[in-house]
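Colleague: Encoded as structure tokens, here's the structure I'll be asking about.
Values in this text are rule-based calculations from the coordinates and carry no lab data. Note that the structure is a prediction, hence the values are computed from the model and not measured. Cβ placement follows ideal geometry from the backbone for every residue including glycine, while neighbour counts extend to all protein chains displayed.
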Amino acid sequence: MKHFIVALVILVSSNITFAAYPEKSIRLVVPFATGGTSEIIARSVAASLTNSLGQSVYVDNKPGGAGNIAMEEIKRANPDGYTLMLGHVGTLAVNPALFGKKLPYDPNKDFAPVTLVAKVPNVIAVSEKSPYKTLADLVTDAKKNPGKINYGSAGNGSAGHLAMEYFSSESGIDLVHVPYKGSGPMLTDLIGGQIQATFNGLPSLMGQIKGGALRPLAVGSADRSKVVPNVPTLSELGYKGFETSQWYGIIVPAGTPQPIIDRLQKEIAKALQSKEESKRMLDDGAILIGDTPAQFSAFIKTEQNRWAKVIEKAKITID
């Protein structure tokens with residue numbers, strides 16, 4: 001009887017603790033530099049959670065090492081719901097195949113999935129001043145001048161890096177990769193003509209596309225994007241079955257109590273259903289999801305298998 005009472009007291013105390021969550025500000029870590037698609041997604045989620053939870057949720061950028069530096073740090077964070085991580089196709093699905101045994105974390109054991117927030121198409125884009133009016137123009141010139149055309153990405157091992165290497169393999173061209181410390185400085189050089197192309201997430205490009213500084217040549221998603229409906233898919237352009245999109249979700253350190261995970265999932269999913277709260281993401285071409293932790297977990301494993309095959313076939317390595 002005594003043990004039962006003790007267990008009951010612990011259970012009641014735990015429920016009270018979870019019911020009071022959150023009691024202080026929450027940190028949302030982004031494993032990349034400011035200025036890219038991850039920044040747009042993270043700040044939208046942080047703003048929504050701040051409104052619904054009644055505590056400040058702030059974004060903390062921790063770039064470096066293709067996202068590995070932040071992932072290694074957060075896996076050791078206290079699993080109490082006050083440290084969240086913006087999970088990404090790169091850190092959760094690509095890096096395990098790209099880095100192998102050198103990866104300083106296990107994406108399936110060191111973290112618990114909360115929800116898949118959004119998928120965004122990758123877009124091949126060039127400067128408005130570029131002579132390339134179509135994707136065929138770029139490919140034709142690249143075949144005539146192998147190793148002489150540069151493309152930029154947000155860094156070694158980034159989704160944009162992998163996407164373009166994947167496309168180069170499928171199209172039989174040889175481009176030179178120029179890694180940057182984030183999408184912001186990369187876009188500055190792309191517009192200025194220091195590099196010739198990029199294969200980046202649509203949200204990070206939309207402002208410059210709308211403003212006329214960038215010309216989109218193709219989208220990597222299976223279907224055309226509603227926000228750039230005149231831009232063909234790679235599959236339409238003859239690269240049958242080619243698909244590459246970036247995706248972002250919220251994860252937490254393994255061991256975070258399930259009631260906290262469920263609360264976060266519920267609030268994020270509710271916000272994603274609100275056109276007002278998710279307007280920025282929708283306007284920039286994101287496809288919003290908000291699935292369950294179990295569904296997100298299954299999705300991550302499917303993506304890990306897919307990218308392992310892509311990396312092996314395309315012989316992609318870190319520069």
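Colleague: Quick check: pseudo-label points 7 Å beyond the Cα along Cα→Cβ at Asp137 and Thr34, how many nm apart are they?
Modeller: In this crude spin-label approximation the distance works out to 3.5 nm.
Colleague: What does the charge dipole of the chain about its Cα centre add up to, to the nearest 20 debye, if the Cβ of each Lys and Arg holds +1 and the Cβ of each Asp and Glu holds -1?
Modeller: Computed about the Cα centre, the dipole is about 160 debye.
Colleague: Which of Phe199, Gly184, Val123 sits farthest toward the positive end of the charge dipole of the stretch 121-219, with +1 on the Cβ of Lys and Arg and -1 on the Cβ of Asp and Glu?
Modeller: Projecting each Cα onto the dipole axis, the largest value belongs to Gly184.
Colleague: With contacts defined as alpha carbon pairs under 8 Å and 6 or more residues apart, what's the relative contact order of the stretch 88-165 in percent?
Modeller: Relative CO of the stretch 88-165 lands at 33 percent.
Colleague: Select from the stretch 171-255 those trypsin sites (Lys or Arg not before Pro) which occupy a DSSP coil region and have at most 11 other Cβ atoms within 10 Å, ordered by residue number.
Modeller: Listed in order of number, the matching sites are Lys226, Lys240.
Colleague: Tell me which residues come under 5 Å, amide H to amide H, from Glu128 once H is placed; ignore anything under 5 positions away on its chain.
Modeller: Hits under the 5 Å cutoff: Leu214, Arg215.
Colleague: Using a cut-off of 15 Å between beta-carbons, work out the net charge of the residues near Ser235 (Lys and Arg +1, Asp and Glu -1, Ser235 not included). Before the final figure, lay out the partial values.
Modeller: Details: positive: Arg224, Lys240; negative: Glu170, Asp223, Glu236, Glu243.
Around Ser235, the charge tally is -2.
Colleague: Could you list, in their original order, any pairs among Lys119/Lys270; Lys101/Lys309; Lys226/Lys279; Lys133/Lys210; Lys24/Lys266; Lys119/Lys301 whose Cα atoms are separated by more than 21 Å?
Modeller: With Cα atoms farther than 21 Å apart: none of Lys119/Lys270; Lys101/Lys309; Lys226/Lys279; Lys133/Lys210; Lys24/Lys266; Lys119/Lys301.
Colleague: Near Lys240, which aspartates and glutamates are there with a Cα under 14 Å away, not counting those fewer than 8 places off in the same chain?
Modeller: Lys240 reaches Glu170, Asp223.
Colleague: For the stretch 18-49, which trypsin sites (Lys or Arg not before Pro) pass both filters: DSSP loop (anything but H, G, I, E, B) and at most 10 other C-beta atoms within 10 Å? Could you put the intermediate results ahead of the total?
Modeller: On the way: sites: Lys24, Arg27, Arg43; in loops: Lys24.
In loop regions of the stretch 18-49 (DSSP not H, G, I, E or B), the sparsely surrounded trypsin sites (Lys or Arg not before Pro) are Lys24.
Colleague: Please report the net charge: other residues with Cβ closer than 13 Å to the Cβ of Ala47, K and R +1, D and E -1. Mind showing how you got there, number by number?
Modeller: Values: positive: Arg43, Lys279, Arg280; negative: Glu39, Glu267, Glu276, Glu277.
Local charge sum for Ala47: -1.
Colleague: Now for a separate question. Would you work out the relative contact order for the chain, in percent, from Cα pairs under 8 angstrom that are 6 or more residues apart?
Modeller: Relative CO of the chain lands at 27 percent.
Colleague: Under 14 Å Cα to Cα from Lys62, which aspartates and glutamates show up? Leave out anything in the same chain fewer than 8 places away.
Modeller: Glu39, Glu72, Glu73
Colleague: Then there's this: Counting other beta carbons within 10 Å of each Cβ, put Val219, Val178, Val252 in order, fewest first.
Modeller: So the residues, fewest neighbours to most, are Val178, Val252, Val219.
Colleague: I'm a student and want to see the number: the projected area of the Cα convex hull of the chain, averaged over all directions, in nm².
Modeller: Computed as one quarter of the Cα hull surface, the answer is 16.8 nm².
Colleague: Return the aspartates and glutamates within reach of Lys75: Cα separation strictly under 16 angstrom, same-chain partners fewer than 8 residues apart disregarded; answer none if there are no such residues.
Modeller: Counting by Cα, and skipping residues close in sequence, Lys75 has these aspartates and glutamates nearby: Asp60, Asp106, Asp110.
Colleague: Quick one: putting +1 on the C-beta of Lys and Arg, -1 on the C-beta of Asp and Glu, what dipole do you get for the stretch 121-219 around its Cα centre, in Debye to the nearest 20?
Modeller: Here the stretch 121-219 has a charge dipole of around 200 debye.
Colleague: Which order do Arg263, Arg76 fall in if you start with the one that has the fewest other Cβ atoms within 10 Å? Write out the running numbers ahead of the final one.
Modeller: On the way: Arg263 19, Arg76 11.
Sorted ascending by nearby Cβ count, the order is Arg76, Arg263.
Colleague: Can you tell me how much longer the chain between Asn305 and Ser25 gets when fully stretched, taken as 0.36 nm per residue apart minus their C-alpha distance, in nm with one decimal?
Modeller: So the chain would gain 97.2 nm between Asn305 and Ser25.
Colleague: Note down the net charge around Glu72, summing +1 for each Lys or Arg and -1 for each Asp or Glu among other residues with Cβ under 13 Å from its Cβ.
Modeller: Its environment carries a net charge of +1.
Colleague: Defining a contact as two alpha carbons under 8 Å apart and six or more residues distant in sequence, what relative contact order in percent does the stretch 31-133 show? It would help to have the intermediate numbers written out before the result.
Modeller: Values: 70 pairs, mean separation 24.4, N = 103.
Reported relative contact order: 24 percent.
Colleague: At 0.36 nm per residue, minus the direct Cα-Cα distance, what do Gln55 and Lys109 gain on full extension? Give it in nm, one decimal, please.
Modeller: 16.6 nm
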